[in-house]
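Beneath this line is the structure, given in structure tokens, with notes to follow.
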């Protein structure tokens, strides 16, 4: 619920004001004065309180709209939309203004062609056996030698200057989610290699043999010393592709992503795409439908 910036009463404040009058026996003028509103406002909320109505703001939308599009016309617009026709084409078919068609499509939730596609199922993956893949990462945290500003306040002399940093090295197994964590003074390659060796040994003590390591191409693992150390410690190291978003084709409203297995969802997360490419070695291909009419073309009735 979005309240006005100058609103004196919240739903809880309105209820409290009414309870003071009806249950605690306060006078109208005293309850209004305590709530910071007028007596007239207090009477108005008392009427709603006595009627059992919610104490929130009512909708400002009109109850009746005489010029609203008839239900049968809305049904025809929806039916044509599910045939993947554009708003311009639907307006030409039904002899309606484009603005009316767009308003109806937005009201029924079909203002985008992507809403016609089925929802993408949850894309979760998990390795079958422990040790097939572990995830490694480093979190850099600043040290401090005195309490923060919540205790000492802000100002000169209340900051921790040049105290140093600490690196939290984390290693998580993909299947069991079992984690090994160390807080080390830095994130250099030699430190990272030592951490990875101790992590592999820690997993081995629990009967888990590490086969692959996945990182985010950070400095400790992305540089040659770190990669060589990880490959020596484990059988393989895998990481996402080059940093930055991969170039993709721009889709217009009538384009439909296609692949060998059928229609793919309109939006694919970048990290998921990178994982699919590394696991399967293939990617989706986007094609454009150049036969759809453009929104800038003059409205002409279809032939045939």
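Throughout, read-outs are computed from the coordinates displayed, never taken from laboratory work. All figures in this text were calculated on a predicted structure; none of them were measured in a lab. Cβ: placed from backbone, ideal geometry, glycine included. Neighbour counts: every protein chain shown.
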(message) Modelling each spin label as a point 7 Å along the Cα-to-Cβ direction, I'd like the residue 128/residue 23 distance in nm, to one decimal.
(response) 6.2
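Full extension from residue 38 to residue 151: what is 0.36 nm times the residue separation minus their Cα-Cα distance, to one decimal in nm? Don't skip to the end; give the middle numbers.
Working: separation 113, 0.36 × 113 = 40.68 nm, distance 4.13 nm.
Working it through step by step, the gained length comes to 36.6 nm.
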(request) Go ahead and run the numbers for FRET between residue 144 and residue 57, Cβ-Cβ distance against an R0 of 35 Å, rounding to 0.05. (result) 0.15
(request) For residue 177 and residue 204, compute 0.36 nm times the residue count separating them, minus their Cα-Cα distance, and round to one decimal in nm. (result) 8.2 nm
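For the range 1-120, report the % of Cα-Cα distances exceeding 23 Å.
Working: 3924 of 7140 pairs.
Percentage above 23 Å: 55.
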(request) Find the centroid of the Cα atoms in the range 1-59 and in the range 82-102, then give the distance between the two in whole Å. (result) 47
(message) With the crude spin-label approximation of a point 7 Å out along Cα→Cβ, what separation in nm comes out for residue 170 versus residue 217?
(response) 2.1
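Take the Cα gyration tensor of the range 46-183, multiply each eigenvalue by 5, square-root it, and list the three semi-axes largest first, rounded to whole angstrom. Could the numbers behind the result be given before it?
Details: eigenvalues 616, 209, 64 Å².
With the √(5λ) rule applied to the range 46-183, the semi-axes are 56, 32, 18 Å.
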(message) Counting just the Cα atoms, what span does the range 14-70 cover along each of its three principal axes? Round to the nearest Å and put the largest first.
(response) 52, 20, 13
(message) Between residue 83 and residue 197, what is 0.36 nm times their sequence separation minus the Cα-Cα distance? Round to one decimal in nm.
(response) 35.2 nm
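Taking 8 Å as the Cα distance limit and 6 or more residues as the minimum spacing, I'd like the relative contact order of the range 1-155 as a percentage. All intermediate terms of the calculation are to be shown ahead of the outcome.
On the way: 71 pairs, mean separation 18.9, N = 155.
Over the range 1-155, the number comes to 12 percent.
In what sequence do 196, 46 fall when counting other Cβ within 10 Å, fewest first?
Working: 196 27, 46 17.
The order, fewest Cβ neighbours first, is 46, 196.
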(request) Mind giving me the nanometre distance, one decimal, between the label points for residue 112 and residue 190, set 7 Å out from Cα along Cα→Cβ? (result) 5.2
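Which ordering of 102, 126 is given by a fewest-first count of other beta-carbon atoms within 10 Å? Walk me through the numbers on the way to the answer.
Numbers: 102 16, 126 10.
Least to most surrounded, the residues fall as 126, 102.
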